[in-house]
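*Asks:* I have a structure here, written as structure tokens, and I will follow up with some questions on it.
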Amino acid sequence: MTKLKTIIKFYWSVIRRPSVHYSLGFLTMGGFVMGIFFWGGFNTALEFTNTEEFCTGCHEMRDNVYAELQHTIHYTNRSGVRAKCSDCHVPHDWTDKIARKMQASKEVWGKVFGTINTPEKFEAKRRELAEREWTRLKANDSLECRNCHNFDYMDFTRQSKRASEQHSTALAKDEKTCIDCHKGIAHQLPDMTGVEGW
């Protein structure tokens, strides 16, 4: 214990001692420049994890959900606008994005321990994974959907009668959110046996 105390005292005295060779201004500017490099590197790494290449880097995603996405309107459509994985699964706001990245650590855990590494294991967990994502989207009022689909700019005259009725009533009154009606919009639905309304 005394050895640890001695080490702590030594380092504390080094930190408290004024610099002999460098001015306070130099040290402050150096810290500022290093902070910029650190922040830039951190942000670059964070943005890299939002790329389609990163998301489909493991076969669990590439062979399952990404393959499903390629057959939907979010992948190929008349306007040429493509939604990539992070558009729907990662919030655009920085603080929400960091929180989501921390939640995504469970997915890394699943990759490391092989809980969804075969098509059979993936199918067995599909409903649990889907329900977790639906709950998240419901809790944030389908924020990721609303980053692209702005309710105020919808042209109800170009929608089907049923869609127009739903969008102009339930959504306008904040009774429902996008994910309530649009489950399975980009990926296959899991087995919904026993779920109310299916």
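*Asks:* How much mean residue ellipticity at 222 nm does the chain get from its helices, if each DSSP H run of length 4 or more adds -39500 (n - 2.57) and you divide by all residues, to the nearest 500 deg cm²/dmol? Intermediate values should be presented prior to the final figure.
*Replies:* Values: 11 runs with 107 residues, N = 198.
That calculation yields -15500 deg cm²/dmol at 222 nm.
*Asks:* Could you tell me what a quarter of the Cα convex hull surface of segment 46-160 works out to, in nm² with one decimal place?
*Replies:* Details: hull surface 33.8 nm².
Answer in nm², one decimal: 8.5.
*Asks:* Next question, about the same structure. Could you give the nm distance between label points at D93 and M192, where each point is 7 Å from its Cα heading toward the beta carbon?
*Replies:* It works out to 2.9 nm between the two label points.
*Asks:* Also, I was wondering about something else. Would you mind checking K106/K138; K84/K138; K161/K183; K121/K183; K125/K176 for any pair whose Cα atoms are more than 23 angstrom apart?
*Replies:* K125/K176
*Asks:* Quick one: net charge around F42, please, counting Lys, Arg +1 and Asp, Glu -1 for every other residue with C-beta under 14 Å from its C-beta. All intermediate terms of the calculation are to be shown ahead of the outcome.
*Replies:* Details: positive: K97, K101; negative: E47.
Overall, the nearby charge balance is +1.
*Asks:* Below 8 Å, C-alpha to C-alpha, sequence gap of six or more: please give me the relative contact order for the chain in percent. Mind showing how you got there, number by number?
*Replies:* Numbers: 97 pairs, mean separation 40.1, N = 198.
Value for the chain: 20 percent.
*Asks:* If all Cα-Cα distances of the chain are sorted into 5 Å bins from 0 onward, what percent lands in each bin, rounded to whole numbers?
*Replies:* Going from the shortest bin to the longest, the percentages are 1, 5, 10, 14, 15, 13, 9, 7, 5, 5, 5, 4, 4, 2, 1, 0.
*Asks:* Can you pull out the cysteines in the chain that have no other Cys Cβ under 4.7 Å?
*Replies:* Cysteines lacking a close Cβ partner in the chain: C58, C88, C148, C181.
*Asks:* To the nearest 0.05, what FRET efficiency results for A104 and Y11 with a Förster distance of 30 Å applied to their C-beta separation?
*Replies:* E(calc), rounded to 0.05, equals 0.25.
*Asks:* Sticking with this structure for a sec: Under a crude label model (7 Å from the Cα following the beta-carbon direction), how far is T51 from F113 in nanometres?
*Replies:* If labels sit at T51 and F113, their model points lie 3.0 nm apart.
*Asks:* Using only Cα atoms and rounding to the nearest 10 degrees, what angle (0 to 90) does helix 2-16 make with the longest principal axis of the chain?
*Replies:* Once rounded, one gets 90 degrees.
*Asks:* Mind checking the dipole of segment 45-181: about its Cα centre, +1 per Lys or Arg Cβ, -1 per Asp or Glu Cβ, Debye to the nearest 20?
*Replies:* Value, rounded to 20: 140 debye.
*Asks:* For segment 1-77 and segment 139-198, write down the distance between their C-alpha centroids in whole Å.
*Replies:* Centre-to-centre distance over Cα atoms comes out at 37 Å.
We did not get these values from a lab; they are worked out from the coordinates using the rules stated. This is a predicted model, so every value here is computed, not measured. Methodologically, a virtual Cβ is constructed for each residue, glycine included, from the backbone with ideal geometry; neighbour enumeration extends over all protein chains shown.
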